[in-house]
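K.L.:
One structure coming up, written as structure tokens, with questions to follow.
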Amino acid sequence: MLVLGIILVLIAGGAIVAALLGGAGQPAVFDLGGLEVQTNTLGAFLFGAATVLLLVVGLGMMRAGAARASRRRRERKELKRLKKLEGQESAATTTTPAAEPHAGGAHADPAAPRTEGGLTTTGNPPPPR
């Protein structure tokens, strides 16, 4: 790819040199609808170069705008996902005590079984031996 780029740059450089040195005095006439423009070959070359420059700038602006829109869409999607996740977490924390009435706390039954460290225990002490 690098070699192809270098070859294209050399070809473009040769075209520029040929346009500047050769045929600068020969007239060229362009019919632009109702407007007729008369210039030499150097003027035609510079007009073409300006047209290509405008094309490249326009394509670059379109690419930047599309990238910005894509980035904004991705950020909006991520924010929506985070809000949904946050809503699920807040709903889970508010329903956890109601779903597990014997999970502990001030009103828990001391004799009810509880899970601690993966083991189910009761609130009663072990019987004496």
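K.L.:
So if we plug the beta-carbon distance of Leu59 and Gln38 into 1/(1 + (r/R0)^6) with R0 = 35 Å, what FRET efficiency do we get, rounded to 0.05?
P.N.:
For R0 = 35 Å, the calculated efficiency reads 0.70.
K.L.:
Counting other beta carbons within 10 Å of each Cβ, put Met1, Met62 in order, fewest first.
P.N.:
The most exposed by this proxy come first: Met1, Met62.
K.L.:
Please list the equivalent ellipsoid semi-axes of segment 17-87, computed as the square roots of five times the alpha-carbon gyration tensor eigenvalues, in descending order and whole angstrom.
P.N.:
52, 14, 4
K.L.:
Just want the answer: with Cβ charges of +1 for Lys and Arg and -1 for Asp and Glu, which residue in Pro27, Phe45, Met61 is farthest toward the dipole's positive end in segment 17-87?
P.N.:
Sorting the options by dipole projection puts first Met61.
K.L.:
While we're on this one: Looking at segment 1-92, which GluC sites (Glu not before Pro) are in a loop (DSSP not H, G, I, E or B) and have at most 10 other Cβ atoms within 10 Å?
P.N.:
When the GluC sites (Glu not before Pro) of segment 1-92 are filtered for loop state and at most 10 Cβ neighbours within 10 Å, nothing remains.
K.L.:
Pull out a ≥ b ≥ c, the square roots of the eigenvalues of the alpha-carbon gyration tensor of segment 1-55, then state rounded if a/c is under 1.5, prolate if not and a/b is larger than b/c, and oblate in the remaining case. If you can, show how the numbers build up before the last one.
P.N.:
On the way: a/c = 4.28, a/b = 1.77, b/c = 2.42.
Taking the square roots of the gyration eigenvalues as a ≥ b ≥ c, segment 1-55 is oblate.
Only the coordinates and a few stated rules stand behind these numbers; no lab work does. No experiment lies behind these values; they were computed from the predicted model shown. Glycine also receives a Cβ, built like all others from the backbone with ideal geometry; neighbour counts cover every protein chain displayed.
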